[in-house]
Amino acid sequence: MVEKKIKQDGVELFYTLSGKGNPVVFIHGFAEDGQIWNAFRAGLEKEYMVLVPDLPGSGRSTGISEGATMDSFAESIKIMLDQEKIDSCIMIGHSMGGYITLAFADKYPERLRGLGLFHSTSYPDNEEKKAGRKKNIAFITRNGTVKFLEQSVPTLFSGESKEKNPALISETLQRYSNFSPQSLVLYTAAMMNRPGRTEILPDFAGPVLFILGEHDTAVPLEQSLTECHLPGISYIYVCTHSGHMGMLEEPEFCLNAVSYFLSGK
């Protein structure tokens with residue numbers, strides 16, 4: 001694995017590159033960094049070139065700009081692909097990373113051979129969801145990162161995960177407790193203000209991977225099932241023991257799903 005950095009408008013973007021073969025890009029979600037994909041990188045780098053960024057304001061990438069959007073994050077990914085001379089790839093995003101993947105597909109469809117929505121959705125926030133985002137912004141501003149994550153992270157896991165593997169939740173909290181409140185606020189605003197991109201799915205030329213959580217309260221299964229049929233080619237996997245964090249709750253199942261999708265079978 002090679003660690004790399006590149007600048008975008010004065011912001012230092014960090015990403016890792018490993019393996020050889022057809023490129024696949026994994027984009028992390030809200031209050032995460034590229035480490036969330038460590039098991040996937042290790043499991044795929046023997047057959048694929050795996051690029052994993054830290055989004056601006058996450059991990060080792062520096063500041064996030066005021067007014068950041070899913071489109072501006074997509075531009076950050078494009079800069080990395082251009083730097084590596086990757087003309088086309090498969091892009092898979094978790095949660096907010098899926099929103100960024102769709103923004104990239106909206107602007108640069110010719111550069112994607114396939115895309116994956118990993119506990120993510122093409123739908124915009126409804127009014128109830130937006131109200132919740134505004135409450136989160138107020139809470140983060142008032143109480144900071146640790147207090148926010150202490151209340152939000154456990155809700156991302158299934159009841160089974162919380163009962164059988166409480167250390168997993170504790171490890172996730174500890175890993176991401178150093179996030180700056182400003183980054184979390186700007187991410188939340190960007191998610192709240194993002195447009196819906198459902199119309200992309202029927203027109204997208206490549207296959208689309210959906211990984212869903214049966215116990216996901218952030219992107220409910222019932223909602224996801226209404227968009228899975230839209231692409232011409234869909235690969236659909238339901239994590240029956242997971243909430244919103246299938247890559248941690250059911251890593252083997254999810255890695256197998258991604259591997260099969262990447263194989264094009």
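Observations on the structure shown:
- Output for region 201-222, where each listed residue is surrounded by fewer than 19 Cβ atoms within 10 Å (Cβ to Cβ) and either touching an Asp or Glu at 6+ places or on another chain (Cβ under 7 Å) or not in a loop (DSSP other than H, G, I, E, B) (or both): P202, D203, L221, E222
- No other residue among T145, T226 is more than 19 Å from I36 (Cβ to Cβ), β-branched (V, I, T) and out of contact with any Asp or Glu (no Cβ under 9 Å at 6 or more places or on another chain) apart from T226.
- Restricted to region 1-43, and to residues there that are buried (at least 21 other Cβ atoms within 10 Å of the Cβ) and among the charged types (D, E, K, R), the residue that is nearest to Y187 (Cα to Cα) is E32.
- Residue within region 173-185 that is among the polar types (S, T, N, Q), surrounded by 21 or more Cβ atoms within 10 Å (Cβ to Cβ), in contact with a strand residue (DSSP E or B) (Cβ under 7 Å, 6 or more places away or on another chain) and assigned to a helix (DSSP H, G or I) present: no
- Filter result for F148 (in contact with a strand residue (DSSP E or B) (Cβ under 9 Å, 6 or more places away or on another chain), modelled with pLDDT of 95 or more, in a helix (DSSP H, G or I) and surrounded by 15 or more Cβ atoms within 10 Å (Cβ to Cβ)): no
- Residue list for region 85-104, restricted to those being under 17 Å from L262 (Cβ atoms) and either within 16 Å of the chain's Cα centre (by Cα) or buried (at least 17 other Cβ atoms within 10 Å of the Cβ) (or both): I86, C89, I90, M91, I92, G93, H94, G97, G98, T101
- Hits in region 252-265 (condition: crowded, with 16+ Cβ neighbours inside 10 Å and either modelled with pLDDT under 95 or within 18 Å of I27 (Cβ to Cβ) (or both)): C254, L255, A257, V258, F261, L262
- Residue among L149, L168 that alone is touching a residue at least 24 places away in the same chain (Cβ under 8 Å), closer than 15 Å to G243 by Cα and among the hydrophobic types (A, V, I, L, M, F, W, C): L168
- Hey, E128 within 25 Å of L149 (Cα to Cα), outside any strand (DSSP E or B), without any contact (Cβ under 8 Å) to a residue 24 or more places away in the chain and not aliphatic (A, V, I, L, M) or not: yes
- So G43, is it part of a helix (DSSP H, G or I) and either among the β-branched types (V, I, T) or modelled with pLDDT of 95 or more (or both): yes
- Selection within region 59-73 - in contact with a strand residue (DSSP E or B) (Cβ under 9 Å, 6 or more places away or on another chain) and part of a loop (DSSP other than H, G, I, E, B): G59, R60, S61, T62, G63, I64, S65
- Hits in region 61-83 - residues which are of a type in the set (D, E, K, R) and surrounded by 15 or more Cβ atoms within 10 Å (Cβ to Cβ): D71, E75, K78
- If you go through region 223-240 and keep only what is surrounded by fewer than 19 Cβ atoms within 10 Å (Cβ to Cβ) and either among the charged types (D, E, K, R) or not in a strand (DSSP E or B) (or both), you end up with Q223, L225, T226, E227, C228, H229, L230, G232, I233, T240.
- Among the residues making up region 113-122, those that are assigned to a strand (DSSP E or B) and buried (at least 19 other Cβ atoms within 10 Å of the Cβ) are G114, L115, G116, L117, F118.
- Of all residues in region 154-164 being surrounded by 13 or more Cβ atoms within 10 Å (Cβ to Cβ) and in contact (Cβ under 8 Å) with a residue 40 or more places away in the chain, the one that is farthest from H241 (Cα to Cα): L156
- Taken over region 74-107, the residue count meeting the criterion of being touching a residue at least 12 places away in the same chain (Cβ under 8 Å), not in a helix (DSSP H, G or I) and not β-branched (V, I, T) is 8.
The values are calculated or read from the model by the stated rules, or taken from the named source; none is laboratory data. From a predicted model like this one, the values you see are computed outputs, not experimental measurements. Because the Cβ atoms are built from the backbone with ideal geometry, glycine has one as well, and the counts that use them run over all protein chains shown.
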